Ligand code: SF4
């Protein structure tokens, strides 16, 4: 069952599929090995990263994340500074303390193998992990896939998603939907807004007060991320020498708040989105929304339109997040939110669609207007490629989130101002995104083998 908290997860940057996913895989692998009695006898662990995970692995921090996962770090509880220090110590000392297991020798150059020449059949983000005993025999091995937004799976799980991967299937009661059309029908039949239906489905998992506290914690993490990004100056890591721009733009906006009245909307959305994505690029704490690469759009729109203090505003934030999560579930189930599968339309495009729907809901849109906003938010991101320069989540990712935030607001406006019925449904645009992603050359799907990644010279 997908939950709001599968879509919005606190983690660390720079990538949900290439950082959060590999970290979760490392830990899960050792848990499985321990359950089979293999962990205690291990003297070596080896991780082979294939496809996109290898091609953009170093820039996205996949090597580091895998090692941290093997040490037992968890994305939502990891302090970025502590993680950096632990990774540096492993490389320096050549020793790795396996989670719940022995400390073993670890040779970074031999035990992490980035095999970009291996093109996986099942999913482009593949990782093979193996534990060896002192006689060199394999004690336990497994293939895993990081399928976007921090979700991970084995080959078996991917080939048979079955019941536990259905959208919003409540454990006790509630309403099942597997398409936007079904979601709208259920809402209209029962007189519910989308966020009300989503929250009622969450009630099948936990108390409503706990869900509300969880949503408030997600918003707090987003807000903290914006605040850190607005304050932190300097150059982003990775070698591209990209300077953080959010702090200086923020200062200018504070010093002359009315200097550009007509363009102010853009400036504020831009600065908030860039603050988040600069934090993400620096490996800071962010919320998948629905991915790390696209993490700035929803917080930027929320911050600009739901920034006032007080209970009424908190209510708006919950409406926004629950609605956006419902839309995100549709993309996750019916297509993909992985840049390695769909290109950037599956990350920034989906975030834009989710933010447009969430904002339309906060602005009082009916369910069909919310669906329309989400549809417009994706329709004009179709075909968006993923071609990060240097394999880093910086160019075009940071600015792209700023553009995506502005586009999301415009999509919500267009939807609420429209009078005639629309010709393109959300289900149709999701299916179009899926087909476009399948047709897209792999050069443009998080491999850094095409587009800006080959035309912009690194220096
Ligand atoms: S280009 Fe888009 S999909 Fe690719 S890494 Fe950047 S944000 Fe993610």
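The values are calculated or read from the model by the stated rules, or taken from the named source; none is laboratory data. Owing to the predicted nature of the structure, the values given are computational and were not obtained by experimental measurement. All Cβ positions, even for glycine, are placed from backbone atoms using ideal geometry, and neighbour counts span all protein chains on display.
Having 3 or more residues that are within 16 Å of the ligand (Cβ to nearest atom) is the bar; report the helices (runs of 4 or more DSSP H) wholly within segment 34-100 that clear it.
Output list reads 52-55.
Any residue that is more than 22 Å from the chain's Cα centre (by Cα), surrounded by fewer than 24 Cβ atoms within 10 Å (Cβ to Cβ) and more than 15 Å from the ligand (Cβ to nearest atom) - is there at least one of those in segment 426-444?
yes
Counting residues that are more than 16 Å from the chain's Cα centre (by Cα), more than 16 Å from the ligand (Cβ to nearest atom) and surrounded by fewer than 24 Cβ atoms within 10 Å (Cβ to Cβ), which helices (runs of 4 or more DSSP H) fully inside segment 232-344 reach at least 2?
Output list reads 246-255, 264-281, 297-305, 311-334.
Checking the conditions here, which among 65, 42 is more than 18 Å from the chain's Cα centre (by Cα) and assigned by TED's automatic domain parsing to the domain that holds residue 134?
Matching residue, one of 65, 42: 42.
Of the conditions (1) closer than 18 Å to residue 183 by Cβ; (2) in contact (Cβ under 8 Å) with a residue 60 or more places away in the chain, residue 355 satisfies every one except a single condition; which number is it?
Unmet condition: (2).
Would you please name the residue that is surrounded by the most Cβ atoms within 10 Å (Cβ to Cβ), looking only at residues in segment 383-403 that are more than 9 Å from the ligand (Cβ to nearest atom) and closer than 13 Å to residue 348 by Cβ?
Checked segment 383-403; the qualifying residue surrounded by the most Cβ atoms within 10 Å (Cβ to Cβ) is 402.
Give segment 345-363 a look and list any residue that's within 14 Å of the ligand (Cβ to nearest atom) and outside any helix (DSSP H, G or I), or say none.
Answer for segment 345-363, where residues must be within 14 Å of the ligand (Cβ to nearest atom) and outside any helix (DSSP H, G or I): just 347.
Only one of these conditions is not met by residue 406: (1) in contact (Cβ under 8 Å) with a residue 40 or more places away in the chain; (2) within 17 Å of residue 341 (Cβ to Cβ); (3) more than 10 Å from the ligand (Cβ to nearest atom). Which number is it?
Only one criterion in (1) in contact (Cβ under 8 Å) with a residue 40 or more places away in the chain; (2) within 17 Å of residue 341 (Cβ to Cβ); (3) more than 10 Å from the ligand (Cβ to nearest atom) is unmet by residue 406, namely (2).
Being surrounded by fewer than 17 Cβ atoms within 10 Å (Cβ to Cβ), touching a residue at least 60 places away in the same chain (Cβ under 8 Å) and either more than 12 Å from the ligand (Cβ to nearest atom) or within 14 Å of residue 351 (Cα to Cα) (or both) is the requirement here; does residue 367 meet it?
Answer is no for this residue.
Every residue, every condition in (1) in contact with a strand residue (DSSP E or B) (Cβ under 7 Å, 6 or more places away or on another chain); (2) in a loop (DSSP other than H, G, I, E, B); (3) touching a residue at least 60 places away in the same chain (Cβ under 8 Å), yes or no:
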{"residue": "176", "(1), (2), (3)": "no, yes, no"}
{"residue": "188", "(1), (2), (3)": "no, no, yes"}
{"residue": "195", "(1), (2), (3)": "no, no, yes"}
{"residue": "200", "(1), (2), (3)": "no, no, no"}
{"residue": "205", "(1), (2), (3)": "no, yes, yes"}
{"residue": "211", "(1), (2), (3)": "no, no, yes"}
{"residue": "214", "(1), (2), (3)": "no, no, yes"}
{"residue": "224", "(1), (2), (3)": "no, no, yes"}
